[in-house]
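Read through the structure below, which is laid out as structure tokens, and then see the notes.
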Amino acid sequence: MEPILVMMAAGMGSRYGGMKQIDPIGPDGEVILDYSLFDAKRAGFKRVIFLIKHEMEEAFREAVGKRAEQHLEVAYAFQEKEMLPAGFSVPEGRVKPWGTGHAVLCCKDLIDAPFAAINADDYYGPDAFKKAYDYLSQAHTPGQYMMVGYHLRNTVSETGYVSRGVCRTDENGKLQGIREIVHIVSSSDGPLYTEDGQTYRLLDPESVVSMNLWGFTPDFLPALESGFTAFLRDEMPKNPLKAEYYLPFAVNAMIERGEASVQVLPSTGRWWGVTYREDKPLVQQAMVRMRDEGVYPAPLWK
């Protein structure tokens, strides 16, 4: 069964300050997810599901969808905070969506094959999509998943702090757990992190981190749904306005219960993102450089 690419594009980019998913970043007006679609297509992916919000549908279809439909089989799913299991309702005053775990659940009726899930506003590079497609194209028993990991030094921002999930693996590259570190900054000595806002400690720049490029078989979805129900029952009441159900939380729980194994596929490539508006010129320069080096044609979609 042909693997599916799920692109999570429902977030509005609060720290960035706008709909960065459709903000031109390439030398010929490309947006970041254009590069992901291009890399996914040449890696072998033929199907894509765009996960968006209803209010951005018209703008998204115009800026991205029409072009993507010329090269891939396209479907749309929608993430709204009201999409909850029976018996649950949105807490009064809640504005935020429910996170990446909920985002994937919003696509479940369209997923009938192994699938990769990515952030639409992150640049992952050709190597990552090739590794993901090759893994998902092979036969795997239920509970055998994958994650493409990056060296921390290739993911930090020069313009502000970032959050990263630092991975712990065994000698075979199997994921043992993810530690979420929420305040990492770049420095001349390497990446630093703080837990109290005052004391900074050095992180190993070679640490492997998750940038939300996961690969699953469809059996993951019932476990994800069960975990979301438990999250709404046990965790959401502690922080009803901001608590989110993230994919790493769901995966960690399955690993701890012995229900899943996750092969970490390391990428030596550079991750790029526009967490802050100040990041945009750096990403634009990188796209021009890769065009000049022949990594991408000009224009991207000929």
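Restricted to the range 161-258, the set of strands (runs of 3 or more DSSP E) holding at least 3 residues that are aliphatic (A, V, I, L, M) and under 19 Å from Ile118 (Cα atoms) comprises 208-216. If you filter the range 41-90 down to residues that are in a strand (DSSP E or B) and among the aliphatic types (A, V, I, L, M), you find that the one that is farthest from Ser226 (Cα to Cα) is Val74. Count of the range 91-107 residues, restricted to those that are under 14 Å from the mean Cα position of the chain (by Cα) and part of a loop (DSSP other than H, G, I, E, B), is 1. For Val295, the test of being out of contact with any Leu (no Cβ under 7 Å at 6 or more places or on another chain) and hydrophobic (A, V, I, L, M, F, W, C) is passed. Pairs are defined by a Cβ separation below 7 Å, a sequence spacing of at least 6 or placement on different chains, a first member in the range 247-259 that is within 14 Å of Met146 (Cβ to Cβ) and among the β-branched types (Val, Ile, Thr), and a second member that is at pLDDT 95 or above and crowded, with 21+ Cβ neighbours inside 10 Å; the pairs so defined are Val251/Ala260; Val251/Val262; Ile255/Leu175; Ile255/Val262.
Go through the residues of the range 114-128 one by one and say whether even a single one is more than 18 Å from Trp272 (Cα to Cα), touching a Leu at 6+ places or on another chain (Cβ under 8 Å) and either aliphatic (A, V, I, L, M) or surrounded by fewer than 15 Cβ atoms within 10 Å (Cβ to Cβ) (or both). Yes, the conditions are met somewhere in the range 114-128. Evaluated against (1) under 21 Å from Tyr276 (Cα atoms); (2) surrounded by fewer than 16 Cβ atoms within 10 Å (Cβ to Cβ); (3) in contact (Cβ under 8 Å) with a residue 12 or more places away in the chain, Thr194 falls short on exactly one condition, (3).
The values are calculated or read from the model by the stated rules, or taken from the named source; none is laboratory data. Treat the numbers as computed from the prediction; the structure is a model and nothing was measured. Methodologically, a virtual Cβ is constructed for each residue, glycine included, from the backbone with ideal geometry; neighbour enumeration extends over all protein chains shown.
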